[in-house]
Structures are given as structure tokens and as C-alpha cells.
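Report on the following structure.
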Amino acid sequence: MRSRRRLDDCILMDLFCGEDSGVFSGESTVDFSSSEFVDSWTDNESIACFIEDERHFVPGHDYLSRFLSRSLDASAREDSVAWILKVQAYYKFQPLTAYLAVNYMDRFLYARRLPETSGWPMQLLAVACLSLAAKMEEILVPSLFDFQVAGVKYLFEAKTIKRMELLVLSVLDWRLRSVTPFDFLSFFAYKIDPLGTFLGFFISHATEIILSNIKEASFLEYWPSSIAAAAILCVANELPSLSSVVNPHKSPETWCDGLSKEKIVRCYRLMKAMAIENNRLNTPKVIAKLRVSVRASSTLTRPSTDESSFSSSSSSSPCKRRKLSGYSWVH
């Protein structure tokens, strides 16, 4: 009992050791060409273990249905994920850090319902999950106060965030070293490109695909191995030398035991559909010029009689971030 308590104390010290380290700076890099990196991903047994264990690090099978039935708010989740990605880009965190933060958040929401209030519980959860993920993966971690950037609506005291971190740890049973799609990318890439000629391209582009879709609740239906395989197939289709020999309907399930062809194909199709939709939304639209008559133009440029009253009313209610602390449900 004493040794277990000592172990828990050591873990707590490790988690909170980054609080005084200041703002993160610098960027993590990975040498995809190093022999050490390549050799670490040629072990079929290790990948099989990941596939066997991934079920323990995802929300339950009915998690997606809760969003579809509106038992959980999909838009609130999407906003929280968007904020996590903004902070990840702001501090140049690794993609894995952002993915883990979202994973912790989803697993928490599946196991425990947040109080239904103005929205600050969801923001507090997002801050706590990102802080825990950063402490797991980053060398330098911002202070808890400095995490609260990128347009947050509320400011939380460090002690409140720490209490929320402990609640997340308790709900997740301290299982933070999750299985993620990034554990499979290199192994799957070598199945398509055995010489590793395009390994860096595969990893970077598959990572972009995974992060770009992480906000979409529909992907909660798929486990990390299926997401990784689908992303690798999407990247392969971008390479002319490989797209002609890659068939998502035949090859994926042969890469390793335990893979589901049906789920990989469905996830692949969803990624392709999302890519088409994103391209459509991001395509610049040509707006026709409106002909404005001289009379209309003069009307538009004439000062409004209500301008002063509007200015005074808007200035009297400036947008402020509320500082919150001390919640009875965070314990």
C-alpha cells in the first residue's frame, strides 16, 4: 500500500513538474530516415499488440449515437477540438499532443456527464485534457495560465485546472498512454512502400488528414488502426506511382491480423468525402459587383442619427473574459 502511494506521488510530481517552466518554444522534429525509427516499425507483433489494446483507449461503442441523438452536444465538442488545435499550433506542440487531448476529452465525456450550464465546464475540461497531454508528450510545457489562449471565454485559476486534471485522471483510471493512429502510420506505409521511398511524405500527409478530421464526430465510429490505414490509403492515392496499385477494397486487411476491411473502407470513403467537402468550402467564390446608384451611395455614406447611441451602447458592454474558480463538482 505504501509503495502504491509512493508511485502515485511520483506520477503526480511528474505531471505537475511543468507548471513553472514558462511558455513553450521550439519545434519537435522526427528523422524519418533514421534506421532506429525504421526498425522500430517492422515488428508485426508490436502492431498486433496495439490492435489488441486499442479497444481500451477509445470511448464506448454508443458514444457516437449520443451525439446523433443530441444527448451530447456535437457543436460544443467541435468548438473544444478547434480550440485544442489552435493552441497546438500556437505552441507548436506535436500532433500527438493534440490527438491525445481530444482522446482524453472523449473518454471523459463518455464516462461522466458535465454539468449543463453556460459552457465553462467544457472549456475547463479541454484545458485540463490538453495540459495532461502536453505533460505526457512535450519537453517544455506552458504554465496552466498560459494554456488559456486562442480566444478562451473564461479564465481559470491554476488550482481549479489541477483539480480538473485529477478528476480526468480518476475517470480515465490513469491510463494516459493511449494507442493512437500515429502508432500505425509507419508500419502501414511500409506495406505500400516497402523501400520507404516516400515514408516522410506518407507520415506528414497522413498526420494532416487525421488532424483535419478530428473535429468531425463521425470518425468516432472508427478505432485508431482503421483511421491510420484509411489515412495511408488516402495519401497513396496522391502519389501517381502508387495510386494505380493500391486498392482499398483488397489490400488493407492483409497488412496485419485484426484489421477490419469493412471499417477501413468506410473510414477511407468518409475521409475522401470530407476532403471533397472541405475543398468545396475553401474554394474562393466570385462575388458579382453590385451597381450602386449615386442616390444609394449618398444614403450609405450619410451619418446615421443613431450612430452615437450605438457607439455608447456597444462601448458600455465590452467583451470580457470571466475569471472562474472553485467548483463543487470538480473534486
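If the condition is being assigned to a helix (DSSP H, G or I) and of a type in the set (Gly, Ala, Ser), then the range 127-180 contributes Ala128, Ser131, Ala133, Ala134, Ala158, Ser170. Could you list, in sequence order, all residues of the range 89-100 that are within 20 Å of Ile203 (Cα to Cα) and touching a residue at least 24 places away in the same chain (Cβ under 8 Å)? The answer is Lys92, Phe93, Gln94, Pro95, Leu96, Thr97, Ala98, Tyr99, Leu100.
Taken over the range 105-124, the criterion of being out of contact with any helix residue (DSSP H, G or I) (no Cβ under 8 Å at 6 or more places or on another chain) and assigned to a helix (DSSP H, G or I) is satisfied by Trp120, Pro121.
Do we have any residue at all in the range 131-142 that's outside the structural domain of Phe108 (by TED's automatic domain parsing) and under 22 Å from Phe108 (Cβ atoms)?
no
Looking at Val127, Val87, just one residue is buried (at least 19 other Cβ atoms within 10 Å of the Cβ) and under 19 Å from Arg177 (Cα atoms), and that residue is Val127.
With respect to the conditions (1) within 19 Å of Asp73 (Cβ to Cβ); (2) modelled with pLDDT under 95; (3) not in a loop (DSSP other than H, G, I, E, B), Val102 lacks only one, and its number is (2).
The values are calculated or read from the model by the stated rules, or taken from the named source; none is laboratory data. Everything quoted here is computed from the prediction, not taken from an experiment. Cβ coordinates were reconstructed from backbone atoms using ideal geometry, including for glycine residues, and neighbour counts include every protein chain displayed.
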